Structures are given as C-alpha cells and as structure tokens.
1. Within segment A:340-393, work out how many residues are surrounded by fewer than 20 Cβ atoms within 10 Å (Cβ to Cβ), of a type in the set (Ser, Thr, Tyr) and within 14 Å of chain B (Cβ to nearest Cβ).
2. Considering only residues that are buried (at least 20 other Cβ atoms within 10 Å of the Cβ) and either of a type in the set (Lys, Arg) or in contact with a strand residue (DSSP E or B) (Cβ under 7 Å, 6 or more places away or on another chain) (or both), which ones fall in segment A:277-306?
3. Restricting the search to segment B:251-289, which residues are open to solvent by less than 30 Å² (accessible area, probe 1.4 Å), within 19 Å of residue B:123 (Cβ to Cβ) and within 14 Å of another protein chain (Cβ to nearest Cβ)?
4. Given A:194, A:205, which one is open to solvent by 20 Å² or more (accessible area, probe 1.4 Å), at pLDDT 80 or above, farther than 30 Å from residue A:463 by Cα and within 14 Å of another protein chain (Cβ to nearest Cβ)?
5. Consider residue A:325 carefully, then state whether it is modelled with pLDDT of 80 or more, within 14 Å of chain B (Cβ to nearest Cβ) and either crowded, with 24+ Cβ neighbours inside 10 Å or within 11 Å of the chain's Cα centre (by Cα) (or both).
6. So, restricting to strands (runs of 3 or more DSSP E) that lie completely within segment B:176-241, which ones have at least 1 residues that are among the basic types (Lys, Arg)?
7. Looking at (1) at pLDDT below 85; (2) closer than 18 Å to residue A:335 by Cα, can you tell me which one residue A:38 breaks?
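The values are calculated or read from the model by the stated rules, or taken from the named source; none is laboratory data. All values derive from a computational prediction rather than experimental measurement. Cβ: placed from backbone, ideal geometry, glycine included. Neighbour counts: every protein chain shown. For the accessible areas, the whole protein counts, side chains as well, though only heavy atoms, and no ligand, DNA or RNA atoms are used. Shrake-Rupley method; radii C 1.70, N 1.55, O 1.52, S 1.80 Å.
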Amino acid sequence: MDTLSHLAFGLGVALTWQNLAYCFAGCLLGTMVGVLPGVGPVTTVAMLLPFTFGLGPAPALIMLAGIYYGAQYGGSTTAILVNIPGESSSVVTTIDGYQMARNGQAGPALGIAAIGSFIAGCFATLVIAYFAPPLAEIALNFGPADYFSLMILGLVASVVLARGSLIKAIAMVCFGILLGLVGTDVNSGAIRFGFGRPELTDGIGFVALAMAFFGITDVLLNLEQNQNQDVFAARIGRILPSVAEFRQCMPTIGRSTVLGSILGILPGGGALLASFAAYMLEKKIAKPPCSFGSGDIRGVAAPESANNAGAQTSFIPMLTLGVPSNPTMAMMIGALMIQGITPGPGVMNERPDLFWGLIASMWVGNLMLLVLNLPLVGLWIRLLSIPYRMMFPAIFVFCCIGAYSVNSEVFDIYTVAALSGVGYILLKLDCEPAPMVLGFVLGPMLEENLRRTMMISFGDASVFVTRPISAACLVATVLVLVAMVLPTLRQKRDEVMVE
Amino acid sequence: MSRMRNLIAAVALLLPLGAYAQTYPAKPVHLVVPYAPGGSTDLAARVLAAKLTDMWGQQVVVDNRPGGNGFIGMVAGAKAAPDGYTLTLATVGEAAISEALFDNTPYNMARDFVPVSMVADADLVLVAAKESPFNSVQDVLDGAKKQPGRLSVATPGAGTISQILLEWMSLNSGTKFQHIPYKGGGPGAAAVAGNNVPLGILSASGVTSYVKSGHVRVLAVFGTKRSSLDQSWPTLIESGVKDVTGSTWAALFAPKGTPPAIVEKINKDVVTALKSDDLIARYAGAGSLAVSSTPDELAARMKRESDSYRSIIKAANIRSD
C-alpha cells in the first residue's frame, strides 16, 4: 500500500461515529484544560486513563491525542490574553501575542494562532504519513554529541529573543541555565542547590517558573502603572485577522511549519525549540515594517504554527521509539502499553489501524479545533473587558492553582512567590524572561548530553566535529555568532570613523 | 482489678476493630505512588486501583507524589493514619535500595511500614546493539577483560536497580564497565537501539519492540529463572556469572500500626485482584507479571534483597553524592 491508500484506510478508521465522538471529546476537553491554567493535559489524561481501559487502543489514543493537541490550542489563548504560558512551547507566543492584546488586537492574534496551528497541523500530519519510518531511524541515530551541539545552537541563538541589550540577554540565558541545574544530577545522582529540601530534588517546576515570571510579575507591573489598566478593556477591536494580515503571515506560517515539523521529530524539547527557532528566523528575515517584540502578528503566527507542527510530529518518536517528549506523551505511552501495544519501530506494521487511524484523526481533530476555536475567539476577547481590578486576583489564584496541581505540593506555591520577586526585579532591570526560560529548559539537557558524550568517548572531544549532525550544528552556531557580532562591530567602527 | 480493666479495654478495642475490618472500606482509599503519572509503577497502580474500585464499591484514588528520589511519596505514605485508607505502592528502589544508597533516607521500611502484598514484577535484561560485536554474555566479559572500564553500559539512571546489577556483575566476574545513566528506560533503550551505547541493562518490556525490529539483541535476563516473555533468553547465572539476579518489582505497603485484620483483608482482596484475568492481561501488556504474596513472603524478599544490595553498594562504593 502506498501512503495515500494508507491515509484513506486511516480516514476509514477515524471517521467511524465512535472515533469521531472520542476525537471531539478529546479536542473539547483539551481546549478547556488548555485555557484553564489550573488543570493541565497531564492531569486530565491521568484521570481519564482508567476510562480508556474499556475502549479499544485506537479510540483511546485518538481521544488522548485530542486532549494533547487541544491543550496546545487552548494554551495559546492564555498566553495571548493574560501572558501566562501554560506549556513551555507557548512561552514565545507571549512575547508578541500579549503585546498585541494590549494594543487591542487580541482578536487577530487569537485568530492567526488558530489558523496558523490548523495549517501547521495539516502539514505535519502529511509529514508523519510520508516520512515516519525514515525519520524514526534518524531520531534513533541522534546521539548525545548531536544533542549537545543542537542545544548550543539553540542557546546561542536564543539571545535574539530579547528586545534590549545583548549582554542582558546572555546574562539571562546563563541565569536560566543555573536555575535549570537545581535538582538531581543525572550522572551521579547528587543533589545540587537543593538546600536540604526534598521538593527541590527534581528541580524547580517549569509551571511554577512560568507562572511567576510571566503571570505574576506582569500583574505586578500592571498594577504599578495603574493608569494603563483600562486601555486594555476599551479597545477590543476586530475578531479575525484582515486579509492583508493573513497574506503577510502566510510565508511565515509556511516556513515555521516546516521548521516545527523537523524539530518536533527530535525526542525531548522539540516543540519548544521549534517555537522559538521559528520566531528567531522570522525576526531575522522579516521585511519592514516589522515590530517584533511589540506586537507583530508574524511573531504570533511563527511560534504557534511551529509548536503545533512540532507537537504533531513528536508523535513520531513517541509511537516508533517509545520516547516521550513531555509528560502528556508519557501518559499516552502508558495508555497504549495497558492495551498491550508497546510503542516501537514495529508498531506501524503490527497495528496499521492504530497508526493510520491516529494520523487521520489528527487531521479531523485539527479541523474540529479550528471550528471550535474561531467562534470562541469572540468570547475570549470579551474576557478582556472585565475590569482589571477583578482580573488580577483571578490571575493570581489561577497561577497558584496551576503551580499546586502539578505535584499537589504547597512548596510549589512558595516557589512561585519567591520567583515572582526575582522576576519583578529582573523586569525592573529590563531583563527579558524569554531567553531565561530557554536556558532553564535547555541548560540541563545541554549538561546531561555533554557529560554523556564525554563519558561514552572517554574524554575525546573530537566527536563533536567528527559526527556530521553535531558538526553542522556547531558550524551554524558560529555563523549565528558572526551574524550577531558583525553589525555591532560595524556600528562601532562607524562611530569611530565619525569621531 | 487492673488486670480486669485491661481485659475490658482490650476487648473494647478489639470489638470495633473486628467490625471495622468487616466494613472496610467505608470511604475512598488513597494509593500513594512516589512517581509521576505515566511510568510503569503509576500504570501498575492505576490498573490495580481500577480493579479494587470495582471490587470494593469505593473509589481507590491514585495519589502521585513524585520527587526527592521517592522520598516525598514514601514519607507521605509513612505518615498517613494507619487505618488502611492510605496505602503505598513502592518499588524495589524505595523498598530495598534507597536506605543503603542515601545517608539521609527520611523513612525506614521496617520501622514505618507493614508489608501487604507483592504486586508486579518485571524482568531486567542485558542487551547489546545490533552493530556491536557481542552475541553472548561471554563475549561481553571477554571484551571487558580486554579493555577494563572501556565498555559502556546504558541504564535508566544512577542509583537504580540496573546500576546495582551492573556493579554486581562487575564484582562477580572481575571486570569493570563504564556506566552511562540515562533519564529513564525509554531514552536508555533508544540509546542502545541507535548504537550510541553498545550495551544496556534495561527492562525487558522497554526493549521488546527493538528486539523484534532487530535493533538490539538480548544476551541474558537477570532473573532466577528464564523470562516468560521469551524462553530462549538465558539467565545471567546460566551464562556463568554466579549469584547475580534482580528485577524491577512493586509491592503494596500500609503504614506501621495498621490493624492486622485490615492488612489481612486488603491482602486477600489484592491477591484476588492480581489473579483476575483482565488485570493479568493488562500487566502483561505493560510488560510485567502480576505477582501476589503473603505479607510475610514480601517481608522476606525485601530483607533478602536489601541485604545483598547493601553489600554491593558498599563493595562497589556506589554513592549518591
């Protein structure tokens, strides 16, 4: 069978009434938990797991997958409206999305996020259908040295995320890496920066960090400049992006989708790398007028398309390697194993109904999400007309619930409180949180893979340049560095010449 | 007089307890799991909880308390009221390794818990990448003897049962290996399948798909007898490394002080649940055997394993810092 007939077969599975119903239930639930910061997709999937015992593997996975990508859609809503990224992959969306909302363009921002996600989702589905088998093999051969070099590239490039000074961005990346190192060292099992608290042995929680640095510090800043609060509410504006905006975003969506699809295949952190890499690329190549960082619609289209594409293609390592890229995926692997299906290279041939049924259902699910989300945009932006004095206590409460519900641990709320203080000081010093988050997520992976590489090679560092993937990433890093430093040098020289 | 009063007091205490065991469970039961949702222990807990919920007509709620090398969940389980309404599903790591591995383990299995029943048992295997030259345990030992400490072995993490088995194998065969810890069994299995590391000590269920696809070969199983997954895999002992056995198991515990009648009742029902066909099938799907035991059998196994692991941790100088 060729791919088209596979897809047709998959559609046959996905379009049965039962599977359609589960797909819809998953998407709806996912959107809801994505929008409510209190409950995440992990909790939802965990609670629904016993329910899936009675279903077949295909409907079970179709529903759980619906929750997963539905939450990706829903998560961007809170990122844009209230600056709270529900998942690491929507951190980048907060940069321009929230600025757009502040400029009264929440509607177009939400609209382009939904449309971009839809296009990306459709494309990524095709990528999975056509390339899953060879891509799984590539992901398998991705060694620790290759990961290390990719992370280096990611971290060096992440300073582009910042609006202001280069030095501050680099400092924030380093600060993020330090925060990321809190917890148990993978190689020795030693606990670092734990201060004797057992809650810190697994490190600082991402959700707590995101709630503090984005949600709460933003509320603090808003309350400080109280004259601006109701500007927000007064200008709701259009609901959908205009044709001109749409045309402006199309190339961005296209490029970001391709980039996201590629990075999503890498096990671990794919969707986050994807969203920020796409943002960076667009910021670099955007033709003026561009206002990245202060509410450019392409700054929303890029990360949203990329993270959705990445979220879809991350099913490749999940299904064919059994390597989850996040806790929700880990739950899905669990659900499959209980059904007697071990994810692995053979799953495509052994269970074609499951594999192709899931792929086809993603298509259907993306369409459902678009239909579900576009009319909801009108409802969401009406939220912004709630007076800020009523909004901010709600944001506070949701941040606390969100942080608490990850581990049912009060300590995580204290973490939010402490980090909010740090975040406030940093914002006052004009240091952007986005590069810090990237350092926080990628730093520990960087260290883990560096040490693993050196252990496997017995201290021989030449592997970084002899492995082709690793070498390519390092060359790209050098190019990015040169590109960043050159304009500054030229500027300096010009200044000297003028003098 | 005082003897009489004691007797009355004892009878008064016992009466409601007997009645208590008959009505147990009268409210939802919490099952503490010291791991995040989604792992193999969590799955075993969820399947068991769903079955007990059906049998008891009371919700059995899985309470994930991950973090701190399992300390957070274990302390929560140990400190819970000893009334049978909070149970703990601990693995070989928390029950037989942590106390020897960490200086500051905040609980003590013998002091804080009473055993209820074994729940699940999963085989660990020594695997080699397809591209590696190793076709048997003997090949591996020969290779390690030729270049001591230059053969890399992937495990699901530092301080896990896999690392202890690796050190035990080294001690008993007079060789040395390079330990490469990964973050969990999935990445570890992918590392061997992708030939980033030539060898691995991993759970059998995590590697079966790679075995089927031909990416890895199973060289031996670390059980006392051959695996139910594939009878053709020799045990490590058969392959000439004496004494080295171990597996990943999970067992149910109650806080110390839980009335024996309640423990007995839970044991009886858990054993029934673990012998039901649907539960056996779900556990088998997830790559583990549903295994039940009496509380005494569990206590004996725990004692035997923690004693031998303690001596290996000491001899190999495995440290957590």
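1. Residues in segment A:340-393 being surrounded by fewer than 20 Cβ atoms within 10 Å (Cβ to Cβ), of a type in the set (Ser, Thr, Tyr) and within 14 Å of chain B (Cβ to nearest Cβ): 0 in total.
2. The one that is buried (at least 20 other Cβ atoms within 10 Å of the Cβ) and either of a type in the set (Lys, Arg) or in contact with a strand residue (DSSP E or B) (Cβ under 7 Å, 6 or more places away or on another chain) (or both): A:298.
3. Scanning segment B:251-289 gives B:279, B:283, B:285, B:286, B:287, B:288.
4. Going through A:194, A:205 in turn, just one is open to solvent by 20 Å² or more (accessible area, probe 1.4 Å), at pLDDT 80 or above, farther than 30 Å from residue A:463 by Cα and within 14 Å of another protein chain (Cβ to nearest Cβ): A:205.
5. It is false that residue A:325 is modelled with pLDDT of 80 or more, within 14 Å of chain B (Cβ to nearest Cβ) and either crowded, with 24+ Cβ neighbours inside 10 Å or within 11 Å of the chain's Cα centre (by Cα) (or both).
6. B:216-221
7. It fails just one condition, (2).
Results for (1) at pLDDT below 95; (2) of a type outside the set (A, V, I, L, M); (3) within 25 Å of residue B:178 (Cα to Cα), shown as yes or no for each residue.
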| site | (1), (2), (3) |
| --- | --- |
| B:99 | yes, yes, yes |
| B:104 | yes, yes, no |
| B:117 | no, yes, no |
| B:126 | no, no, yes |
| B:146 | yes, yes, yes |
